Structures are given as C-alpha cells and as structure tokens.
1. For residue 268, are the conditions met, namely being out of contact with any helix residue (DSSP H, G or I) (no Cβ under 7 Å at 6 or more places or on another chain) and of a type in the set (Lys, Arg)?
2. Being open to solvent by less than 60 Å² (accessible area, probe 1.4 Å), part of a loop (DSSP other than H, G, I, E, B) and without any contact (Cβ under 8 Å) to a residue 60 or more places away in the chain is the filter; apply it to region 237-264 and report the residue that is farthest from residue 215 (Cα to Cα).
3. For region 100-114, enumerate the residues that are assigned to a helix (DSSP H, G or I) and either surrounded by 22 or more Cβ atoms within 10 Å (Cβ to Cβ) or touching a Lys or Arg at 6+ places or on another chain (Cβ under 9 Å) (or both).
4. Would you check which residues across region 265-281 are open to solvent by 40 Å² or more (accessible area, probe 1.4 Å) and among the aliphatic types (A, V, I, L, M) and list them?
5. Just to check your reading of the model, which residue among 291, 321, 287 is closer than 23 Å to residue 376 by Cα and open to solvent by less than 90 Å² (accessible area, probe 1.4 Å)?
6. Among all residue pairs at least 6 apart or on different chains, which show Cβ distances below 7 Å where the first residue, located in region 103-119, is touching a residue at least 60 places away in the same chain (Cβ under 8 Å) and the second is open to solvent by less than 20 Å² (accessible area, probe 1.4 Å) and in a helix (DSSP H, G or I)?
7. Considering (1) surrounded by 13 or more Cβ atoms within 10 Å (Cβ to Cβ); (2) among the aliphatic types (A, V, I, L, M); (3) modelled with pLDDT of 55 or more, say which one residue 195 fails and leave the rest.
Amino acid sequence: MSVAPGEPGSGPEAGARFFCTAGRGLEPFLMREVRARLAATQVEYISGKVFFTTCSDLNMLKELKSAERLFLLIKKQFPLIVSSVSKGKIFNEMQRLINEDPGSWLNAISIWKNLLELNAKKEKLSQRDDNQLKRKVGENEIIIAKKLKIEQMQKIEENRDCQLGKQIEEQTLEQRDFTTKRENFQEGFQNDTEIATDTRNQNDLTFRVSCRCSGTVGKAFTAQEVGKVIGIALMKHFGWKADLRNPKLEIFIHLNDIYSVVGIPVFRVPLASRAYIKTAGLRSTIAWAMASLADIKDVYYVGADVSDSQLLGTWDNLKAAGLEDKIELLQVSVIELPLPSESVDIIISDIPFGKKFKLGEDIKRILQEMERVLHVGGTIVLLLSEDHHRRLTDCKESSIPFNSKDSHTDEPGIKKCLIPEEKTGTSKTVSTSFEASNHKFLDKMSPFGSLVPVECYKVSLGKTDAFICKYKKSHSSGL
C-alpha cells in the first residue's frame, strides 16, 4: 500500500523519491520539467502533486521553475476511510502511518541527511576553491611584478646576478606552494571531521508536524488533531523530540479522500519564491509555464506596459536578476505598439483582467495589434480569463474538458499513481490524458484571423481560474 522513497540502503546518489506541489493545471508542465531538467524517472501525478525519482543534488532541485514546494517522499498510500467508526479507531489508523512501516521513515531520514551533508560539503569545497583562486591570482600578480623587476635588473646587472635572482624566486614559489597544499589538507581534514561529528549526533533530532486535511477527513478532524496524533506516535516510536519553533526536521502530511501522503520539506522557502522577484506580479510558476510553451531561444527582449508603476516594478526585478542590460522596457499601449509589421518572433502576454476592461472591443484590438507585429510562423502565448477564453473559443462553460474540473477522482492515471506495484506505463497514461483533453479544447477553438490555436491549459490563479493558450500565425494578416 505504501511507497518508500528508495530501496533499502539507497542514497541520493542511487536516486531518491520526491514529490512537488503544483498549482492546479500545472502538473503537465512540472512533469515535463523534471524529466528534462533532472532526468527524472517514474514520473506520475495526482491532483496538485507530481512524484518522481532522481539522483540530482539540491542545487539542481532548487532550479525547478514550475513547482511550488519540494518534498522528500516518506510514503504514499490510499486514503483513510472515515465513516461512523469512532475517532479512537481512526487515530489508530493514523498511527499506523508510522508503526506499520518504520523502515520507510528511517530510510527517508537517512537520505534527507545525506542530501544536506553533501550539499554542505559542496558549498565548503566551492568556497575553498574560490579562496584558492583568489590566492593564485594574488600570487600571479606578485610573480608578474617580480618578472618586470628582474627584466629591469637585467639591463643593469650582470648575467650572474640575474641568474641568482631567478633561483631565489623559484625557491620562494616552491615554499608558497608547499604552504598552500598544507593549508588545503588541514582545511579538508577539518571539513570531514565536522561531517563525521554531525553524523554521530543524528539521534538528537527535533521535529514538528504540519498537516493538511481536506474532504471527509477535513470535516471529521482538524489539522491540529492529526498533527498531535502523528507527533505523539513519532516520539514514542523513534524517541524524537518535538520542537514547534525551530525544529531540525519538519514532517508534512496531507490527508484527503484520494490519498494519504507523508514527506519532508527539502527547503524551508518555497521554490516559487524567487529571490530576484522584488516586486510581486504574476505568479512565478504561471509565468514560467507560459515562457516554456513559447519555446524561447536566444533572443532580444522588449517588454511593454502603459503603467508607470508596472514598469518601475519590472525594472526592480530586472536589476535584482542582473538582466537590466538584456531587456528593453517601453511605456506604450499594447494596442499601439511602435514595432514594424511582422517583426516579432514570440509574444507572451497576460491579457488584462477586471471590470474596467471592455471584453469584446478591447481584446479584439489587442489581438489585432499582436497579430500585426508577429511574423508568419511566430508564436503567441496568452493568459486569458475564463470570460476571455469563452469569447475567443465561442464555447459554453459546460464544454470545459475533464482535466480542468475541480474533482480529479475519475481521471485516468490516479489509481496507477497510488499503486506502487504498477510503476511502468503510468507516465504514458497520464501524458495521454492531458493530450486528449488538450485536443478537446482545440476542437472547439476557432482561429482569430491568422492565429491558429495550438495548445490550451486551464490553470489556477488561486481564487480564480485562467487559461494559458498558445497560438501560431499561419499566414500574413494583411494589416
């Protein structure tokens, strides 16, 4: 019923089992990304989560762009059955998440510590290499200065004195080299000793439990009740100490009507919180999904907006990301772009939402201007509100395909994702379901002018839903 994060004795170098949370509708983007970026295997999904196996280190895992948070998987199994059974019996079922298979917990903890230790060691080695590089640069500068001085002395002194100066210089460099090697050896020995000492202190583990309950489980129990039951079971079984403020380890549990998932958050800060985003705008995962659909190569970027505040916020983000020299910002209206016709390869746009925006008239003018500046064969990726999408596709709300519904209980691939024995074929089934639903979208979409629909995904923006739609320009618009 449960899935351990790896085979007994496995470590991160042999591949570990992870899962990421994702915004609703972004699962196919995350599945593609973990395969491409992490060479992940056993990729499968359930609503809002993507599971995969990889041997990537923390630096590579940190680069995921379509994920909200990253977890090391402890176990995944079918949901707890909540009916007229007493609370005491349900609590016993929850405790079985720990007592029934303690090996999966110990294995996950071991992998988690190995990941952290390996990452810490790499950071120290990188810092040491930087220090060595600085020392070498300094030594090279000294050598160059001495050579220049020797050349000057050659014009004045005799050849014998010049040779003596070179011998002195070589002896000095050898002595410095010996000193550097001794320092490196001592520093490496100290690093290894620190890691070994930390390994011996693994029993002093503090933890806290974070719970999320939904569906019938959420109606019957609060997250605090579940967290208390699981916390007591962990203390009794493993001897860990609870620390709600500053624990070394956090345990995450999600219980609903479809699955029970237990994992360890790998990073305290969500992956979606980009350090270079100083001014918040569109959710970073949605923006990345749109950019990935556009399939951008090496290009020259131009950003346009009519709002001063939006441009100032964008400029702050560009400076924080070190991209101020690569992207030009223009304060112009999207319906009057100062660009020649058919001069642009790719357009990515979040079409304005809100009551002040005139749906029919304004969106037509925006698309006409985008169509004008886009060359034949070019790509447009738009984020559309449900009203925008309905207007463009001329379809009713009831025609939204099954993969964009709130309930995923009847989706192909759910059961296969939950049964550990069926590891092969799952990813293929999941991908096929997304592709089939995408074709249902496209069959109902009529092209606007020369813009032909290619792909469309319904995604969640939190309180509202939206559509990411990709178009290709099929022929010259003649505008």
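1. Working: out of contact with any helix residue (DSSP H, G or I) (no Cβ under 7 Å at 6 or more places or on another chain): yes; of a type in the set (Lys, Arg): yes.
In short, yes.
2. Per the stated criteria, the residue is 239.
3. Residues of region 100-114 assigned to a helix (DSSP H, G or I): 102-114.
The answer is 104, 105, 107, 108, 111.
4. 269, 275, 277, 280
5. On the way: 321 fails: closer than 23 Å to residue 376 by Cα; 287 fails: closer than 23 Å to residue 376 by Cα.
Selected residue: 291, the only one of 291, 321, 287 that is closer than 23 Å to residue 376 by Cα and open to solvent by less than 90 Å² (accessible area, probe 1.4 Å).
6. Qualifying pairs under 7 Å: 105/98; 111/12; 114/12; 115/12; 115/58; 118/12; 119/58.
7. Answer for residue 195: the failing condition is (3).
The values are calculated or read from the model by the stated rules, or taken from the named source; none is laboratory data. Keep in mind the model is a prediction, meaning the values are calculated, not measured. Counting neighbours? That spans all protein chains shown, and the Cβs are built from the backbone with ideal geometry, glycine included. Surface accessibility is based on the protein's heavy atoms, side chains included, excluding ligands, DNA and RNA. Shrake-Rupley method; radii C 1.70, N 1.55, O 1.52, S 1.80 Å.
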